[in-house]
Amino acid sequence: MPRILIVEDEDIIRSAVRKLLLHAGYEVADAASVEEAEQHHEPDQFDLIISDLRLPGAAGTELINRAPNTPVLIMTSYASLRSAVDSMKMGAVEYIAKPFDHDEMLAAVENILARQPSARNAGDDSAVPSETPESSDPANIMFGQCEPMQRVFTLIRKVAPTETTVLIQGESGTGKELAARALHLLSPRAAKPLISVNCAAIPESLIESELFGHEKGAFTGAVSARTGLIEAADGGSLFLDEIGELPAEAQARLLRVLQESEIRKVGSTQSRTVNVRMIAATHRNLKAMTRTGEFREDLYYRLNVMQIRIPPLRERQSDILGLARRFLKRQGERMGKPDLNLSPEAMRALERHRWPGNVRELENAIERATILCDGDVITPSLLDLDSEGSDEYIPETLVEGNNEQTQTREVDSSNDLSLEDYFQHFVLENQDRMSETELAQKLGISRKSLWERRQRLGIPRKKSSGN
């Protein structure tokens, strides 16, 4: 049984990762700092170390030096993504950004352990063999028994071993990042890093620096040179999620990477060659965006060599209950409720729901119901699909015709404005004169949260003519 050491100073996160890995069948130990890890354990005797980047005392990257024979997976907040890239240059095998999905963490752990068998088991005939094709098969990473998903799996198996650029299309919450991970794990690049970037989550002023890196003094605040994410993915794969949100200038730079396999840091006159397999994803119609000038046509055709479409959950009717049971089993184990079941009425409610938020919405509904359930049976009221999941109800009047402005005035006058109504009202009223960053600051949320709520509520982003 693989032994994993978790080094994390936040009790809640450390406990959650510990429970997740224990339920997955791993032997787990934990510590709150590098010093505590060395005092109570022998880090070099574990098969994997999962460490936060920022710890009291020594940084998590110090474990790379103190346990040279053990792979180190670095956890980091998105704000520290540049430091995560630096940690990979120092020898970390992979990084994972907080908050992370449980499937993402388990897949990362499985991948690292599979490709780096423990040296302590080298002479043990009973040791687990290194990664097999079955362990990285898309059917083991994503769930889907319906015909549309089987076609997706077949396409992934065919294109993954090649160097072909892939464009993954699908609505928000369908599992595009899992498809990208499957493409990487089945490719000859599986032993190298998969760098994932959400283009909508990075401020427009920083996107070029994040992707391509920058030289010291290239702009205000650039106090030292930085390695870009594309360079960090050298030899591996780069997954650009929501590439339709990429600003025009960054699109031109990315085109050069695809055409010439070269990057040039911001503020530098020198180019360097990189060997990166590009995987992009979007929920938007890129071809239509090329007609309006929002997306470069030449970049679109460079990206759209092979297209994989992930079907929305409403087109996967036969998978809904299977997914729900998987989520229920996982959430039940996490929350100490292993005997939970869905009532017949709850199953019918799940099958009838339209799932505008797709698989992510289904997982959220199951997690919510698991928390609220006092017995062993989940009922439709616990799922609360009407009030939370369906766009018929968020907000209700937005789908009733041309009475949006009327309803806004009524809600204002009643002094009973819901958070979703307020968000919709504020964005629609101010987006013509404020940037995305300004909108997010005024609302007190991150730019990523602003983008995610736009997708959930169906509020298109207004692009300025300068972009």
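The values are calculated or read from the model by the stated rules, or taken from the named source; none is laboratory data. Here the structure is a predicted model, which is why all the values come from computation and not from measurement. With ideal geometry, Cβ positions are generated from the backbone for all residues, glycine too; neighbour counts draw on all protein chains shown. These area figures cover heavy atoms from the full protein model, side chains too; ligands, DNA and RNA do not enter into them. Shrake-Rupley method; radii C 1.70, N 1.55, O 1.52, S 1.80 Å.
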Flag for SER135 being open to solvent by 60 Å² or more (accessible area, probe 1.4 Å) and at pLDDT below 85 = no
Do the conditions hold for SER237, that is, is it at pLDDT 85 or above, crowded, with 23+ Cβ neighbours inside 10 Å and among the polar types (S, T, N, Q)?
-> yes
Residue tally, condition of a type in the set (Gly, Ala, Ser) and touching a residue at least 12 places away in the same chain (Cβ under 8 Å), over segment 271-301 | 2
Any residue at all in segment 179-190 that is more than 28 Å from GLU294 (Cβ to Cβ) and without any contact (Cβ under 8 Å) to a residue 40 or more places away in the chain?
-> yes
(1) open to solvent by 70 Å² or more (accessible area, probe 1.4 Å); (2) at pLDDT below 90; (3) farther than 30 Å from MET335 by Cα; (4) acidic (Asp, Glu) all hold for GLU110 apart from (3)
Within segment 210-232, which residues are more than 17 Å from ALA281 (Cα to Cα), within 22 Å of the chain's Cα centre (by Cα) and open to solvent by less than 10 Å² (accessible area, probe 1.4 Å)?
-> PHE212, GLY213, GLY228
Report yes if ALA349 is open to solvent by 10 Å² or more (accessible area, probe 1.4 Å), hydrophobic (A, V, I, L, M, F, W, C), without any contact (Cβ under 8 Å) to a residue 60 or more places away in the chain and in a helix (DSSP H, G or I), otherwise no.
-> yes
If we scan segment 405-428, do we find a residue that is at pLDDT 50 or above and closer than 16 Å to ARG325 by Cα?
-> no
Tally of residues being without any contact (Cβ under 8 Å) to a residue 40 or more places away in the chain and open to solvent by 10 Å² or more (accessible area, probe 1.4 Å) across segment 327-342 | 9
Could you please tell me which pairs satisfy a Cβ distance under 6 Å, a separation of 6+ or placement on different chains, a first residue in segment 1-12 that is under 18 Å from ASN111 (Cβ atoms), and a second residue that is assigned to a strand (DSSP E or B) and acidic (Asp, Glu)?
-> MET1/GLU27; ARG3/GLU27; ILE6/ASP30
Within segment 60-91, residues open to solvent by less than 10 Å² (accessible area, probe 1.4 Å), within 19 Å of ALA232 (Cα to Cα) and at pLDDT 70 or above come out as GLY60, VAL72, LEU73, ILE74, MET75, THR76
Members of segment 21-50 found to be within 17 Å of ILE96 (Cβ to Cβ) and open to solvent by less than 10 Å² (accessible area, probe 1.4 Å), listed by number | LEU21, LEU48, ILE49, ILE50
For the subset of segment 180-201 comprising residues that are of a type in the set (D, E, K, R) and either closer than 16 Å to ALA92 by Cα or in a helix (DSSP H, G or I) (or both), which member is modelled with the highest pLDDT?
-> ARG181
Check segment 32-46 and report whether any residue there is farther than 13 Å from LEU5 by Cβ, of a type outside the set (Lys, Arg) and modelled with pLDDT of 90 or more.
-> yes
Got at least one residue in segment 139-147 being at pLDDT 90 or above, in a helix (DSSP H, G or I) and over 22 Å from LEU258 (Cα atoms)?
-> yes
